[in-house]
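The values are calculated or read from the model by the stated rules, or taken from the named source; none is laboratory data. If you're wondering where the values come from, they're calculated on a predicted model, not measured in any experiment. For neighbour counting, all protein chains shown are included, and Cβ atoms are generated from backbone atoms with ideal geometry for every residue, glycine included. What goes into the accessible areas is simple: the full protein's heavy atoms, side chains included, and nothing from ligands, DNA or RNA. Shrake-Rupley method; radii C 1.70, N 1.55, O 1.52, S 1.80 Å.
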Amino acid sequence: MKTTRQHEASGLGAALTGEQDFGLRIKTIRQARELTLEQVAELSGVSISTLSKIEKGQVSASFDTIAKIASAFDYSLAELFADELPAPSVASTAIQGRRTYTLAGKGLAFTNPYFRYEVHAAELLVKGMIPVVMGIETRELPPPEAWSQHAGEEFIYVLSGEVMLHTQLYAPLRLAQGDSAYIDSTMRHTFVRLSEAAASLISICQTETLDIEDLTRSG
């Protein structure tokens, strides 16, 4: 007899072939688990309307939203994007002697209309921080629902170009290559590219209880 996850995996072949793959994958998992949109919304904290639009391929989900949906299904980001959904496993709580690495260009990559993301150390599922390299594509302020807001704190370091950091409680902050900022991530925040040339930064999200799927909402 197939497990829930085996049923999910068997129905995902058609969900991995186009730009709307993510929405179809989410819908397939949800239906395999016999969950309603309302139930997934309650588990994830993502609104019903946003989940519905994502499933239909009408909107692109942000990093935070994808992470929150993964958490609702008890998957890491790496597992959610894998060709085949993994069998359940028990993660060790031991943190001694751990090591992982990410080769250049081999991070877990995805995009939305505003940013490009590359998650490093994605194979390590339980850790105290999530390092993400972000390409800032947008030169216009994203809409409020596309701003990030999640648990913990965040260190931001500009790798190239020039960006504007917008936060909920402070005036916009201009950051050039080599500049950094450290923020409370529960405060809504986002970025805008100021330079003509490409702009990128590294964002390291940290909290005592953080797992790769624990980042919360955006767009």
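Which residue is modelled with the lowest pLDDT, if the candidates are limited to the stretch 194-214 and must be within 15 Å of Val133 (Cα to Cα) and open to solvent by less than 40 Å² (accessible area, probe 1.4 Å)? Within the stretch 194-214, the match that is modelled with the lowest pLDDT is Ile212. Looking only at the stretch 108-120, count every residue that is crowded, with 17+ Cβ neighbours inside 10 Å and assigned to a loop (DSSP other than H, G, I, E, B) and tell me the total. The total comes to 3.
For the stretch 45-59, the set of residues classified as more than 14 Å from Arg25 (Cβ to Cβ) and in a loop (DSSP other than H, G, I, E, B) consists of Gly45, Val46, Ser47, Gln58, Val59, listed by residue number. Going by what's in this entry, would Tyr182 be described as in a loop (DSSP other than H, G, I, E, B), surrounded by fewer than 20 Cβ atoms within 10 Å (Cβ to Cβ) and modelled with pLDDT of 95 or more? No, not satisfied.
Out of Ile29, Ile66, one residue alone is modelled with pLDDT of 85 or more, in contact with a Phe, Trp or Tyr (Cβ under 9 Å, 6 or more places away or on another chain) and within 15 Å of Ala146 (Cα to Cα). It is Ile66.
Among residues of the stretch 162-179 being in contact with a His (Cβ under 9 Å, 6 or more places away or on another chain) and open to solvent by less than 50 Å² (accessible area, probe 1.4 Å), the one that is farthest from Leu201 (Cα to Cα) is Thr167.
When you scan the stretch 53-61, do you find a residue that is touching a helix residue (DSSP H, G or I) at 6+ places or on another chain (Cβ under 6 Å), farther than 26 Å from Ala151 by Cβ and at pLDDT below 80, even just one? No, the stretch 53-61 contains no residue that is touching a helix residue (DSSP H, G or I) at 6+ places or on another chain (Cβ under 6 Å), farther than 26 Å from Ala151 by Cβ and at pLDDT below 80. Within the stretch 25-44, restricting attention to residues that are of a type in the set (Lys, Arg) and in a helix (DSSP H, G or I), which residue is least open to solvent (accessible area, probe 1.4 Å)? Applying the filter and picking the extreme gives Arg25.
The residue that is nearest to Thr190 (Cα to Cα), among those in the stretch 116-143 that are at pLDDT below 90 and over 12 Å from the mean Cα position of the chain (by Cα), is Met129.
Pull up the stretch 145-161, narrow it to residues that are among the aliphatic types (A, V, I, L, M) and open to solvent by less than 20 Å² (accessible area, probe 1.4 Å), then point me to the one that is nearest to Ser62 (Cα to Cα).
Of the residues in the stretch 145-161, the ones among the aliphatic types (A, V, I, L, M) are 146, 151, 156, 158-159.
Going one step further and asking which of them are open to solvent by less than 20 Å² (accessible area, probe 1.4 Å), we end up with 146, 156, 158.
Numbers: Ala146: 7, Ile156: 18, Val158: 20 Å.
Looking at residues that are among the aliphatic types (A, V, I, L, M) and open to solvent by less than 20 Å² (accessible area, probe 1.4 Å), I get Ala146.
Candidates are the residues of the stretch 121-140 that are assigned to a loop (DSSP other than H, G, I, E, B) and within 27 Å of Leu194 (Cβ to Cβ); the one that is least open to solvent (accessible area, probe 1.4 Å) is Thr138.
Might you check whether a residue that is at pLDDT 85 or above and surrounded by fewer than 19 Cβ atoms within 10 Å (Cβ to Cβ) occurs anywhere in the stretch 78-99? No, the conditions are met nowhere in the stretch 78-99.
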